Structure formats: structure tokens, C-alpha cells
Amino acid sequence: MDIPRRRLGRTGVDVTILGLGGEGILRTFGHEREAHAVINRALDLGINYCESARAYSGSEAYYGLALKERRRDVFLTSKSHARDMHGAGAHLADTLRNMKTDYLDLWQVHDVRTEDDIAEIFGRGGAIEAFSRAREKGLARFIGVTGHQDPRILARCIELFDFDTVLMPVNPAEPSYKSFIDRVIPLARERQMGIIAMKVYFRGLAAQLAQLSSLETLYRFALSHDIATAVIGCDTIAHVEENVRLAQGFVPLDHREKDILVASVQPYARRLMYYKE
């Protein structure tokens, strides 16, 4: 059974509703064999959205070693947390070298948190200049922005620049505390941006605290919103296979099911939103 696909906003690219994140076993050093197995099993099972970041330990290099002739099979993404033009440009050079590719399908401004971040990124000599140049030169087909601290900050980024995508938390803790769902998704939709979900599982903490029987409900919650894909880091091949099974059998939650889940998670919302996945 194929993994369903959705259009990644105005990029025009159809991506699988499950993406392989750069966390899990990929956010390590010295585990080339395990990382290679996870990446290639994900591709074998049909995942076509693969993500990393300059800040994710050896993740980019793992992709470079594993993809090789499979590069054209994936929508390859990474991120830069640099706030200035020169730093972001240096990051891109490192990323392309590590991932052994001439271009990224999507390059993202990573983890924007504060007004000071915004002032640096979008000011004179800021990182956004490097991102714009990369797109002009064909080193990055599309440009995105990510954030998981403050929806107000992420919304401001979208208002300041014509980003193609946004990566943000989508989970049942959202409606009860600083909701990215309510603040960012409508704004992104107005601009026909591709919307990508992260922090769907919180490494299982949400299921543990709210005593959920499985992670499936959390995955279904995320994909029941207007997003293109949910990016999830995996530790093992078994984790990849379980997530693919959930994606293949995805059925959206109805409004009542979503409300019940939000209510069950509400007492832990603040703790979950600040938990580092």
C-alpha cells in the first residue's frame, strides 16, 4: 500500500504525508550503519520527504552517505540556524558538501524564537539575504521558515518574507497553549504556503502523560489539519515501519475526537510545548 501524498503548497510538489526527520538516530555521530539502514528503509517504503539541519549532529552527513544514486527520489531539505548572511552562506556550503548534492529542494531558516532573531535575520546583512541568493542561484529550489517557541514570532516571519513553506508544531497541546494551529496555519494558507508539522509525538511523552493507548491518535490529529506532511525522527527500522503503517492507514479524526484528545492533553499543554523532542 502506498503512502498517501499531499501537495506542498505552491511548490507544486506532492510529498508523502509522513516525512523522515533529522532527529532520532540521525541526530548522532558515529552510527553510520544504523542511520543508513533507517534512511534506506524509509525510502524503500515510499517516504519521499527527507529532512535534516546544520544543527543536527551528523544527520546531513548520514544522508550524504546513504542517498547516493537515490538523491532524485527524495525531496531533500535542511536548515540553517545562522542569523547573518555570511554565517548562513557558510552553512549552506557545509550542508551541500555533507549531503553530497548540488542543491536542496528546500532550505529553511531554523528555529526563529525572538524579536531579536527577526531583527538579525531580516535586517541588513541578515541571513535572509543568503537564502534569497541561494534560491536565485538554484542552490535551493524553495525557502522555508521554522519555529516552535512562539506562534506570534513565526507569523511575523511569514509577513516579512515570501516563504514557500513553514514548519511548526501540530499536536493536541496546541489549542490550550500558544496555538500555532490557530495563529499560523490560516496565515500560511492565505499565502498558499506548504505547511509541515513537527513535534507530533513529543517522543511519546504526550501519550505517556495523557495515558493514550498508542501514538496513532497523535499522528491522526496532526494529519487531520491542513498540513502537507508530518516529519518524524526515527531511532530504528521498526520505528520507520510503524510510522509508515500509520500513514498508510490514515483516517482523519472528526471534530468530536479532536476535542476529546485536546481535553485529555490540556493539563500537560505547557509542559509539552516546551519539551525538547
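The values are calculated or read from the model by the stated rules, or taken from the named source; none is laboratory data. Note that the structure is predicted; figures quoted are calculated from it, not measured. Cβ sites come from the backbone with ideal geometry, for glycine too, and all protein chains shown count toward neighbours.
Identify, please: which residue in region 53-65 is of a type outside the set (Ser, Thr, Tyr) and part of a helix (DSSP H, G or I) and is, among those, surrounded by the fewest Cβ atoms within 10 Å (Cβ to Cβ)?
Looking at residues that are of a type outside the set (Ser, Thr, Tyr) and part of a helix (DSSP H, G or I), I get Leu65.
Can you tell me which residue is nearest to Ala228 (Cα to Cα) among those in region 66-86 that are exposed (fewer than 15 other Cβ atoms within 10 Å of the Cβ) and out of contact with any helix residue (DSSP H, G or I) (no Cβ under 7 Å at 6 or more places or on another chain)?
Arg72
Could you tell me which of the residues Ile3, Ile39 is in a helix (DSSP H, G or I), at pLDDT 95 or above and out of contact with any Lys or Arg (no Cβ under 6 Å at 6 or more places or on another chain)?
Values: Ile3 fails: in a helix (DSSP H, G or I).
Just one listed residue meets the conditions, Ile39.
Examine region 93-101 for a residue that is at pLDDT 95 or above and either within 14 Å of the chain's Cα centre (by Cα) or within 22 Å of Arg10 (Cα to Cα) (or both), and state whether such a residue exists.
Looking through region 93-101, none of the residues is at pLDDT 95 or above and either within 14 Å of the chain's Cα centre (by Cα) or within 22 Å of Arg10 (Cα to Cα) (or both).
Looking at region 136-179 only, could you name the residues that are modelled with pLDDT under 95 and either closer than 17 Å to Gly12 by Cα or assigned to a helix (DSSP H, G or I) (or both)?
Within region 136-179, Glu174, Pro175, Ser176 meet the criteria.
Regarding Val15, is this residue buried (at least 20 other Cβ atoms within 10 Å of the Cβ), part of a helix (DSSP H, G or I) and touching a residue at least 60 places away in the same chain (Cβ under 8 Å)?
For Val15, the condition - buried (at least 20 other Cβ atoms within 10 Å of the Cβ), part of a helix (DSSP H, G or I) and touching a residue at least 60 places away in the same chain (Cβ under 8 Å) - is not met.
I'm told Val262 meets every condition in (1) at pLDDT 95 or above; (2) not in a strand (DSSP E or B) except one. Can you identify the failing condition by its number?
(1)
Identify, please: which residue in region 157-173 is surrounded by fewer than 17 Cβ atoms within 10 Å (Cβ to Cβ) and out of contact with any strand residue (DSSP E or B) (no Cβ under 9 Å at 6 or more places or on another chain) and is, among those, farthest from Asp102 (Cα to Cα)?
Glu159
With respect to Asp105, determine if the residue is of a type in the set (Asp, Glu) and assigned to a strand (DSSP E or B).
Details: of a type in the set (Asp, Glu): yes; assigned to a strand (DSSP E or B): yes.
Answer is yes for this residue.
Can you find even one residue in region 131-139 that is among the polar types (S, T, N, Q) and in contact with a helix residue (DSSP H, G or I) (Cβ under 8 Å, 6 or more places away or on another chain)? Give the derivation first.
The initial filter retains those residues of region 131-139 that are among the polar types (S, T, N, Q), namely 132.
Okay, now just the ones that are also in contact with a helix residue (DSSP H, G or I) (Cβ under 8 Å, 6 or more places away or on another chain), so none.
No - not one qualifying residue is present in region 131-139.
For region 128-152, give me each residue that is buried (at least 20 other Cβ atoms within 10 Å of the Cβ) and under 19 Å from Met193 (Cβ atoms).
Hits for region 128-152 are Ile128, Phe131, Ala134, Ala140, Phe142, Ile143, Gly144, Val145, Thr146, Gly147, His148, Pro151.
Do we have any residue at all in region 188-204 that's at pLDDT below 85, closer than 27 Å to Asp2 by Cα and either small (Gly, Ala, Ser) or not in a helix (DSSP H, G or I) (or both)?
Yes, region 188-204 contains at least one residue that is at pLDDT below 85, closer than 27 Å to Asp2 by Cα and either small (Gly, Ala, Ser) or not in a helix (DSSP H, G or I) (or both).
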